[in-house]
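Student: Structure provided below as structure tokens; questions to follow.
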Amino acid sequence: MNPKRLKEILAAHAEELLGSQAHQDEGYQLSAEDEAELASLQGVAERVNSTLKPVAPGRSFEDQLKRELLTTAHLHRAEGYRPPNPERDLLILTAVAGILLSLAGLLIVLRFRNII
């Protein structure tokens, strides 16, 4: 089965299980093999849904986590921490690779001219 189509069908089933969408029969034309695969996956989703129940953290946990995150952020700012910049790192890596390739090319040219 097309993975994108399977993903859409399973997403609709998950929304139905969560109660955020009414049952909609999309009228998918599926082969017997695809029907079996889909039924198996939907069965797993239904078992997981019946087993796992949503849990909300307590207010004290939320308050403590917020304090810890704010404290860490203030400490990082006070220490002069700067988050990683992947674009800058890629630029530096590209520049270093360019310099090394240029030196290797220069050595090859000098070697062929018998200067070295």
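Derivation of every value follows stated rules applied to the coordinates shown; laboratory data play no part. All figures in this text were calculated on a predicted structure; none of them were measured in a lab. Neighbour counts are summed over all protein chains in view; Cβ atoms, including those assigned to glycine, are modelled from backbone coordinates with ideal geometry.
Student: I need ILE9, ILE115 ordered by Cβ neighbour count within 10 Å, fewest first. Don't skip to the end; give the middle numbers.
Tutor: Details: ILE9 18, ILE115 7.
By the 10 Å Cβ count, ascending: ILE115, ILE9.
Student: A further question follows. Within the chain, what is the longest stretch that has no GluC sites (Glu not before Pro) placed in a DSSP loop and near at most 14 other beta-carbon atoms within 10 Å? Let's see the in-between values first.
Tutor: Working: sites that count: GLU26, GLU79.
Within the chain, the longest run free of exposed GluC sites (Glu not before Pro) spans 27-78.
Student: Oh, and also: Expressed in nm to one decimal, what extension gain is obtained for the pair LEU70 and ALA36 from 0.36 nm per residue of sequence separation less their Cα-Cα distance? Numbers along the way, then the final one.
Tutor: Values: separation 34, 0.36 × 34 = 12.24 nm, distance 5.02 nm.
Contour length minus Cα-Cα distance gives 7.2 nm.
Student: For ARG113 and LEU93, compute 0.36 nm times the residue count separating them, minus their Cα-Cα distance, and round to one decimal in nm. Intermediate values should be presented prior to the final figure.
Tutor: Working: separation 20, 0.36 × 20 = 7.20 nm, distance 3.04 nm.
Separation in residues times 0.36 nm, less the Cα-Cα distance, equals 4.2 nm.
Student: Would you calculate the separation in nanometres between label points at LEU101 and LEU10, each defined as 7 Å from the Cα along the Cα-to-beta-carbon direction?
Tutor: 4.1 nm
Student: Right, next: Starting from 0 in steps of 10 Å, tell me what percent of the Cα-Cα pairs of the range 59-112 lands in each bin.
Tutor: Pairs per bin, as whole percents: 20, 20, 19, 15, 12, 9, 4, 1.
Student: Compute the convex hull volume of the Cα atoms of the chain, divide it by the residue count, and report the result per residue in Å³ as a whole number.
Tutor: So the per-residue Cα hull volume is 275 Å³.
Student: Another question about this same structure. Which Cα, out of ILE108, HIS76, LEU90, lies furthest along the positive dipole direction of the range 59-112 (beta carbon charges, K/R +1, D/E -1)?
Tutor: Farthest along the dipole direction, towards plus: ILE108.
Student: Of all chymotrypsin sites (Phe, Trp or Tyr not before Pro) in the range 43-116, which ones are in loop regions per DSSP and have a Cβ with at most 11 other Cβ atoms within 10 Å? Don't jump to the answer; show the numbers that get you there.
Tutor: Numbers: sites: PHE61, TYR81, PHE112; in loops: TYR81.
Here the sparse-neighbourhood loop sites are TYR81.
Student: Give the calculated FRET efficiency between GLU79 and SER50 to the nearest 0.05, with a Förster radius of 41 Å applied to their Cβ-Cβ distance. Intermediate results must be reported in sequence, preceding the final value.
Tutor: Details: r = 48 Å, r/R0 = 1.17.
Plugging the Cβ-Cβ distance into 1/(1 + (r/R0)^6) gives 0.30.
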